[in-house]
Each structure stands twice: as structure tokens, then as C-alpha cells.
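Encoded as C-alpha cells, the structure appears first; notes follow it.
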Amino acid sequence: EAFGQLTESKSRLQAFTTVAFALLALAFVGGFAFSWLERESELHRYELNRAIYDSLAGSTDFEYCHHPAFKDVGYCKRHEKLEWQLRLFLDNSGNSLTDREQWTFIGSFFFVLNLASTVGYATQGGPATTGGKFFAVIFGIIGIPLFGCSLLIASSWLLHGAKVAFGRLLGPLGGPEFHRMQLLRLAAILGVLLWFGTALLFSLLEGWSYARSVFFCFMTFSTVGIGADVPDTIVGRIAAVAYVYLTLSLSLGLIRSFNRRRHGEQSPLNPGPEVNTHGREPKVALACFVFVVFLCVCGGLILPSLERHSELHRYERARNIYEGLTEMAEFKGCDDKFIKGMDFCKNVPVFKQRLHRYFGPNSPNSMVDRRHWTGLGSASFVFSLASTIGYGSQTPHTREGQVATVLLGMLVVPLFWYCMLVWGASFRWYVHSFVEKAWTRRWFSWSETRRSVLSLVGAVAVLWFLGSITFFWLEGWDPATAVYFCFVTLTAVGLDNVLPQTLLGRLFMLLYIAVGLTSVASLLEECISTLANKLGMSDEDDHTPPASVRSAPLVASSVAAPAAVSATPQAAAASLP
């Protein structure tokens, strides 16, 4: 028996090594690919920003202001202040004059890892070129299942290690109910350490305030990825990737352990061989979804009072900055017929026109009210928070709004994904049944697993295509933008700063999130289950950590083998946030 456990442990370790190597190799290739595709465009943007700055600053520069006799003239003083404020504004508005090295090899490497984890930090943004967006889709399709499979393999090992580390705090083993209390204690301990303890680490590494670090940690382990803070140092980036992997693996291990204590009850993480569409789970899922909608309505009532005033203030501040910059560029003496023909007078209208592009509706300093924090905008934000998509153009700025976002997220994220997993299992069963009836003769020689995976791929592809066509028609986007937006929505990455602006577009986005993520959740479970079986993983060895990790018989009997990985297409493999 011991020899059999050792053999199974080595098999799992080999599977984990294979998946981890494939994921790192993908990130390595992505580092070269995206640096080749995006780096030149990034450097061009910096060069363009510097050229625009020089043009804006120089177009209204009076050459005699550089003469010592004119340095105390009011216009010359204002122009010096104009140059300083213009540089500061560009650096803080996403139009940096300095190289932030986002698309170097190192930056691209971490972008692929963040893409695979579906965090997708909005502040970093996504690819700007069409080729970069295309490769982001390809790398996401490959990387997300690999990342999920590695989480599935490592979850039991990390959970076992946590039980060994905190064994004295968990107490001795008992019956099933007692064991459930142990898991709750362990979840509470890990939650405090991994949230508030890691926030202290990022505060020291990046120089953030502790409150900013706490908000960043929540947005990271929930994979929402919104907020203004992203690690800039290499150590901080490595810590962020490790933090995502550790928190998601332990969360998955805890969920599966709770699930195995349910004495054979069906659940989205451990279904039986048949999906009971009339049982208790669909009713519970429906109740959870109704509660999610209720929380979205609550968010639509609460968040405007916390964020709308700040949003309007930002629009007003953007208008004041624009008017202030244009005012400093104007010289009253230009009304004189002898002076108005000089270049620094004639270039004032050109200055205003070029500056206005930095205050457009899709810019970080928009002067146009995008109504992000109205009632409808706030409700849409809570729904995107529940789905962990976290579109980059909408994030709370006030401390009260951030606290409310964290509290709402702690409620809506698990409820929403419970619904997605339950409905995803039903969706997978219906698609599989339809395909079996419609295409039995054509796919007669194909295996059941292949038919199941390809049928789900086809369903997701149809949703992707229909969503792209709909957003193209409703919002007037170009085809590439519509396709890319649907991809970051279906994968819950949420990198794009473009959001629907029309009422119909926003309402369709909410429906698309619910339907799309249901189908994607079922596809991911099927792909991860298939990949895990291809790597030789079995239900019996799911609980066994590698020999180097396994220690004394602390809780060996408490980590019973789950039925989370199954060869049948009706089985769900794991929960991916």
C-alpha cells in the first residue's frame, strides 16, 4: 500500500511538473512574442507623448522669455508653470513621458502569467496592436486551462501543508461535523494571514499605505484586478504571481474538502454521474442569483452616494485643468495687430486642439460624464465585480467606496460563481445531450470526451461570435475591439478600458456576462478534467501529497479522495474564480 501511494504521488508530481513547465514555457514564449509585437508601439507612444509635450509647450513659448531681462514677466512665469503642470498631467493620465517598461520581456512574461490567472490588472492595460490582441486571445485560450489544471493538482498539497503547519490550532480529529469546524478554523487562519499579512508585505515592497495594500490584495486574490496600484518592482511582481497562485490553490483545496464532507451529496464541485436538473442544487443556485441581483440593486443605491460626487469632481477638475492649461498658453498681447502674427500667438488654437484629445471620453481625464457611478452604472459595476471581470475603466476612488466594494465582493463573488458552476453543469449536460442526438452518426468514431469538449467549444464560439456582432452593432465599435472585448469578458480577465455606453449595450453586457460565463465555466471544467486525466491523475491519488511534502499522519484520514476529477463529461473538475 505504501509503495502504491508513493507511485501515485510520483505520478501527480510528474503531472504537476509537466503543467508548470508548460505554463512557464508559454510565459517565456509570450515574453518574446509580446515584446516583439508591443514594445515598438509602446516606445512609439512614449516618443509621441514627448513630441506632443514639446509641441504643446513650445507652440506657445515666447523666445524672449529665455532672456534674463524677460524672466520676471508674468507671461513667462506662467509659461514655466505651464510646462511643469503639463508634464505632471501627462505622467498621471496614462500618457507617460518616461518609459515604464510594460512590454519588455520581463513585463510581457508577467502579463502572460496574469492573463492565465484571469487577474488582468486594469492599470497595466492590454495590448494596443491588433497582433498583440490576437496573441492575447491565443495565449489566454492555452494558458487559462493550464493554470487551472496546476491549481487542481497543487491544491491538496498546499492544503495538506497548511494543516500540518497549523495542526495545533485546529485541534484533534473528530467526526464529520468536527472536521468541518477544523476546515472553518483553517479557512479563517489562512484568510487573515494571506490577506492582511500579505498586505503588510506589499506595503513594505512597494511603499504603499497599508489600506492601499489591503485593497490590492483583495482585488488580486479575487482575480477582479481593478484599482490604481500594481507592483512595479521585480520582487513585487513575483510576489503578486505567487500570491495569486497560493490563494487560489488553497481556496480550491478548502472548497473541495468542504464538498467531500457532504456524504455524497451532489454539488457543483462533486456532481454525480447524472445531472439532476430538478433537484435542490438548481433551486439553491436560483436563490443565490436572486440574492446577487438584490446586492447589485443595493450597490446601485449605495455606491452613487459614495462615488458619484467624487466622479463629478474629477470631471470638473479635468475641465479646470484643461481651461487652466489653455489659459496659461494665451497671451493677452496677442490681440495687438503687431503681435498676433507671431508664431506663439498663432499656435494657441492648435495647442487647444491637440490638448483636447487627452480629455476625451475614453481618456483617464475625461471631461465628458461617462455616468459610471449613477444607479445603473453602479449596479453594473457590482455585477462585473461578482463575475470577477473588473473592467479597467471603472474603479472606486474614495476610501468608503473601496470598503463597500470589498464587502460587496466578499458576498457576491462566491454566490455568483456557485450559480455559474451549477448552471454550467446543467449547460454542459444539455449541450452534450443535444450533440449526441444530432450528430451521433457523424461522430461515431470519436470518443465521448472529445465529443463533449468539442461541443462545448462550439457553444462558446457561437456565444463569442454573436456577442461580437451585437456589440459591433449596438456600440459602433470596430470588429477587432468587439471581438477582444467579448474575449476579456468571457474569460473574466477584464483588461479593456472600453465599456458599452448605450443603455442597450450595458443591459446586453449584463446578460452576456451571465450566459457567457456559465458556458465558459462548463468548458473550463471539462477541459481541466480531460487534461488532468491525460496527465494520469486519478481520484484515488488526489489527496496524496508528494513524499517530500508528506509528513506524519496528522490528518491523513481527513483528506479523503474527492470525485472532483472524473472521466465522464458530466463531472466537474474544479472551481476557477
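Values in this text are rule-based calculations from the coordinates and carry no lab data. Just so you know, these numbers come straight off a predicted model, no measurement behind them. No Cβ is skipped: glycine too gets one built from the backbone with ideal geometry, and neighbour counts run over all protein chains shown.
Electrostatic bookkeeping for Thr502 treats Lys and Arg as +1 and Asp and Glu as -1; over the other residues with beta carbon under 15 Å from its beta carbon, the sum is +1.
Stretching the chain fully between Leu312 and Ala211 yields a gain of 34.0 nm (0.36 nm per residue, less the alpha carbon separation).
Listed values for the range 304-311 are Karplus-derived 3J(HN,Hα) couplings in whole Hz (6.51 cos²θ - 1.76 cosθ + 1.60, θ = phi - 60°), namely x, 5, 9, 10, 5, 5, 5, 5, and x replaces Gly and Pro.
What number comes out for the charge environment of Ala239, summing +1 per Lys or Arg and -1 per Asp or Glu over other residues with Cβ under 14 Å away?
Taking every other residue near Ala239 into account, the sum is -2.
Counted by Cβ distance under 14 Å from Phe359, the other residues give a net charge of +4, where Lys and Arg count +1 and Asp and Glu count -1.
State the Cα centre-to-centre distance between the range 202-257 and the range 489-521 in whole Å. Result: 24 Å between the Cα centres.
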